[in-house]
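The values are calculated or read from the model by the stated rules, or taken from the named source; none is laboratory data. Note that the structure is predicted; figures quoted are calculated from it, not measured. Note that each Cβ is placed from the backbone with ideal geometry, even for glycine, and that neighbours are counted across all protein chains shown. Ligands, DNA and RNA are stripped out before the accessible areas are found, and what is left, the full protein with its side chains, is counted by its heavy atoms. Shrake-Rupley method; radii C 1.70, N 1.55, O 1.52, S 1.80 Å.
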Amino acid sequence: FHSADYVEFLHRITPDTQHLFSNELARYNLGEDCPVFENLFEFCQIYAGGTIDAARRLNNQLCDIAINWAGGLHHAKKCEASGFCYINDLVLGILELLKYHARVLYIDIDVHHGDGVEEAFYFTDRVMTVSFHKYGDMFFPGTGDVKDIGEREGKFYAINVPLKDGIDDTSFTRLFKTIISKVVEMYQPGAIVLQCGADSLAGDRLGCFNLSIDGHAECVRIVKKFNLPLLVTGGGGYTKENVARCWTVETGVLLDTELPNEIPENEYIKYFAPECLLNIPNGHIENLNSKSYISTIKMQVLENLRCIQHAPGVQMQEVSSTQLGANYIQPLMSQITCLGGWFLIFDVSQSHAPSQGEGTQREGACGSFEGKLQCTMQSKYWYCNWLFFRAGSA
């Protein structure tokens, strides 16, 4: 997917040498929102490698659900970085899934439009992209109008749900369920990729929605009920303690495990003080999404869905990895075994909650990437603390 020259530049640029490449920095949109930092390429290898391997495990039926909370960097483009996204792991994961599935559904609940993924598949009907996001008021990245529906063979296969400030749980989850249920009915995907950006939560430093963690997690619950191969990633999130809370609860949802609201004692408990609770209060931003506005958006989306070919067919054939751009992916994967990409693989065919000393967690072949996510199990519950405090994907 990514151009070879762009990947090669990411591989060799360092903070100490960037002053020598001012033209290339401008060409590849590096700097400001996409700074060059130490071990940048290693960072890309870790999160992109996790998503690619997660997709491969789904393809090989080694699991039903694969989670890479370090992934979900949805703004990166073919030849440039954007919004703290350098390599678009979601596109690479979807390309991997397309080797085994005729149709893949991509769903994005980050507060920012999933523009990089939409752009990558704008001209094909083999991937349907559905993005729920804030739109207007010069909000980054400025794309994602309801009228943007795809082109050529991809016409009507890009779905955008533009929202205004302050949307709450009730409005968001009702709209999400209505649209996604119809999408799955009409499109009949073979697999789903769900980007769970946590900057759509109330209280996010860059967000402007009023979603609680329960409301955000309800979207995950809705998607899980379709019982399709599911790849779940993280994404944006700029109030780090709430990001950890959110993805902990959603890990529980994917494991059919209800977690108590009290966070157990651990070495990172100070980040969640003084309440030390999983749930966060709803936001108090004025909800500018009137019932009439929500109804209009819903009707426009459903009308566009009526225009698509029901479950479009595709002639499946053996596709070489080179054709799918593996020559660009390989540099990302070349060192992933020794670097260790941290991700979780869950086999939810075992519906019971894990008891003490038992679990359905299976560590990825790449090994545990320590310092990125800490999982501690007390009694039968998993608690996840997001420890790598990066300025996550916008």
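Structure notes:
- Gyration tensor (alpha-carbon) shape descriptor, region 216-294, a/c threshold 1.5: oblate
- Extension gain, residue 33-residue 275: 0.36 nm per intervening residue step, less the Cα-Cα distance, totals 83.8 nm.
- Residue 221-residue 99 FRET efficiency (beta carbon distance; Förster radius 35 Å; 0.05 resolution): 0.75
- Peptides 180-192, 66-78 ordered by average Cβ neighbours within 10 Å, highest first: 66-78, 180-192
- Lysines whose Cα lies under 27 Å from that of residue 99, excluding same-chain neighbours fewer than 8 positions away: 77, 78, 155, 182, 224, 225
- Protection proxy ranking of 28-36, 113-121, 204-212 - average other beta-carbon atoms within 10 Å, highest first: 113-121, 204-212, 28-36
- Taking 7 Å steps out from each Cα toward its Cβ at residue 188 and residue 12 produces label points 5.0 nm apart.
- What a 1.4 Å probe finds exposed on region 32-118 is 43% carbon and sulfur by accessible area, rounded to a whole percent.
- Distance in nm between pseudo-label sites at residue 123 and residue 307 (7 Å out along the Cβ direction from Cα): 1.9 nm
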